[in-house]
Amino acid sequence: MTIVPVIKRDYITKLAEQGKRIDGRTFDNYRTIDIETKVVNKAEGSARVKIGNTQVLCGIKMDIGEPFPDTPTTGVMSTAAEFVPLASPDFESGPPRENAIELARVVDRGVRESQVIQLEKLCIAPSEKVWLVFIDIHILDYDGNLFDAASLAALAALLTTKVPVSRFLKTLNEKERASWQEQLADIYRIPGVNEVPFGSDETSTNQKKVEDFPLPMIEPPISCTAVKINDFVLFDPCFDEEVIADVRLTVATDHKGDLRAMQKGLSGSFTREEIQKVIKGALDNGQEIRKKLNHSIGK
Amino acid sequence: MKSDIKLITDEGKRLDGRGPHDLRKIKIEAGVLHRADGSCYLEWGGNKVLAAVYGPREAVPRHTQNPLKAIVQARYNMAAFSVEDRKRPGPDRRSVEISKVISEALEKVILTEYFPRASIDVNIEVLDAEAGTRCAGLSAAAVALVDAGIPMRDIPVACAAGKIEGQVVLDLGKEEDNFGDADLPIAISPRTDEVLLLQMDGHFTVNEFNQAFDLALKGCHTVSEIQKKAILEKYQSVVAEVQE
């Protein structure tokens, strides 16, 4: 270990003993969160999230492909994170390392396990064709707390995603198009999706126009992360705090105030009381962040 | 590749309403990232590009070091979601080639002999793509290098010209790139008009090439002014901050 982290640790813990943090926040406070959606035109959905100086961009691409044999009627989602060297002097190019894989998997789990995307509504023809959803996360500027920034960016991007039906139809020839249009139109008849207009009445059936529709989603849980340094629990760690942290805990809470996911990281440990403290803070901050998220997508 | 799309209307306008010698809209901002030593965000028509510079710092692995001067390593990378059909993440043959030609172009203007054994890393991320990303990337990288305080002989700049429906035009757009006849991206050192990068594909007559080259050169100088304005704005904002 070099000397700089030792000095920084000293400085940060000294401040913490006085109830302070290096950027002047209280222990429970988040840095300023800024969510901007629809930032990439070529993507089906996209969002840029800033938490303080940390900046993350998430883009959603969709395609049509085969479902997994064991789930023939559900769509497929996959998540990838890129720690591009642009974001930090410590990031290197090449295939994703441990950290990028962990981040992608935590974000993926948050979306998949709480069934935020209604994948069962993304089936076109059982066992043959379903929609594939690709969530790609690009770290642009790394100043700590990537878990929260990345999962928030993924949610904001998903919530603004339009399933690119018209783009897909453009790639087919006349005959294929007619048959696919029929099949694609079926997914509009599923409750919850069929409010989207596609053609007016029976007489115009042959020219039934299938349009892009919003990705079917449910209210998502929000992730909040805290770290522990000595005995102090700090929410939304910045880079300097994260580097010296003993242990990290991410808690995802839903709009009813229930817990939907947790992930502990690093080699330290938490007491039961500390975990309660993190959960309480995650609920409070989660509510605020949810408001910001809803606001950013125009709700 | 031929298509039925008419790239130039009877009134002489292009698909996006530009005349033959018009550039797309360009917006440049310097110093947008916190961790990087220097950075730049650039929008060029539908292209959105971020560039970040790290260094000069010790070149690793050691065997890449040059005892007499710094090495310049540009890395051009496209985001998976930046194009119509998702691009598989990571370097492919195309981006390796583009990284190489950009590195070489930048190396020419950087005073590398000031930093033996060091490396100057330039990362270019294409976030949204719409024809002409290498020119956009190089022009953004140049501003990021200035923002990082890297000593340079000049601020390099790039722009492309091409041929559509037999006519030489400046700065090809998306359909023009796909269905046009030729494309000529160049990068220059604007003080001396030395050419730092030149690629061409398609079909030009010598006369057309000369026309296209001159047009691209003119385009480069226009972009160069926008670069300088962005750098000046960054400096002025720093001055204002210090005075506060």
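The values are calculated or read from the model by the stated rules, or taken from the named source; none is laboratory data. Owing to the predicted nature of the structure, the values given are computational and were not obtained by experimental measurement. A quick note on method: Cβ atoms are made from the backbone with ideal geometry, for glycine too, and the neighbour counts reach across all protein chains shown. Areas reflect the complete protein model, heavy atoms only, side chains present, ligands, DNA and RNA absent. Shrake-Rupley method; radii C 1.70, N 1.55, O 1.52, S 1.80 Å.
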Quiz item: Is it fair to say A:Asn41 is closer than 28 Å to A:Ile222 by Cβ, open to solvent by 50 Å² or more (accessible area, probe 1.4 Å) and in contact with a helix residue (DSSP H, G or I) (Cβ under 9 Å, 6 or more places away or on another chain)?
Solution: no
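Yes or no, residue by residue, for (1) of a type outside the set (Gly, Ala, Ser); (2) at pLDDT below 95; (3) closer than 30 Å to A:Leu169 by Cα:
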| site | (1), (2), (3) |
| --- | --- |
| A:Gln55 | yes, no, no |
| A:Ile60 | yes, no, yes |
| A:Gly65 | no, yes, yes |
| A:Thr74 | yes, yes, yes |
| A:Ala81 | no, yes, yes |
| A:Val84 | yes, yes, no |
| A:Ala87 | no, yes, no |
| A:Phe91 | yes, yes, no |
Quiz prompt | Hits in the range A:247-299 - residues which are of a type outside the set (Gly, Ala, Ser), assigned to a loop (DSSP other than H, G, I, E, B) and open to solvent by less than 30 Å² (accessible area, probe 1.4 Å) | solution = A:Asp254
Quiz prompt | Residues satisfying the stated conditions in the range A:118-145, i.e. aliphatic (A, V, I, L, M), within 13 Å of chain B (Cβ to nearest Cβ) and open to solvent by less than 10 Å² (accessible area, probe 1.4 Å) | solution = A:Val133, A:Ile135, A:Ile137, A:Ile139, A:Leu140
Practice problem: Have a look at B:Glu107, B:Glu113 and point out the one that is more than 14 Å from chain A (Cβ to nearest Cβ), surrounded by fewer than 20 Cβ atoms within 10 Å (Cβ to Cβ) and under 16 Å from the mean Cα position of the chain (by Cα). | Solution: B:Glu107
Exercise. Please determine, by comparing only the residues of the range A:68-112 that are touching a helix residue (DSSP H, G or I) at 6+ places or on another chain (Cβ under 8 Å) and among the aromatic types (Phe, Trp, Tyr), which one is farthest from the other protein chains (Cβ to nearest Cβ).
Key: A:Phe83
Practice problem: Looking only at the range B:170-183, decide whether some residue is aliphatic (A, V, I, L, M), open to solvent by 20 Å² or more (accessible area, probe 1.4 Å) and under 23 Å from B:Arg18 (Cα atoms). | Solution: no
Exercise. Would you check if there is a residue in the range B:86-104 being of a type in the set (Lys, Arg) and either crowded, with 17+ Cβ neighbours inside 10 Å or in contact with a strand residue (DSSP E or B) (Cβ under 6 Å, 6 or more places away or on another chain) (or both)?
Key: yes
Practice problem: Return the total of residues in the range A:18-36 being surrounded by 14 or more Cβ atoms within 10 Å (Cβ to Cβ) and hydroxyl-bearing (Ser, Thr, Tyr). | Solution: 1
Self-check item: Identity of the residue in the range A:245-274, within 18 Å of the chain's Cα centre (by Cα) and β-branched (Val, Ile, Thr), that ends up farthest from A:Leu146 (Cα to Cα)
Solution: A:Thr253
Quiz item: In the range B:41-84, which residues are within 11 Å of chain A (Cβ to nearest Cβ), outside any strand (DSSP E or B), in contact with an Asp or Glu (Cβ under 8 Å, 6 or more places away or on another chain) and aliphatic (A, V, I, L, M)?
Solution: B:Ala79, B:Ala80
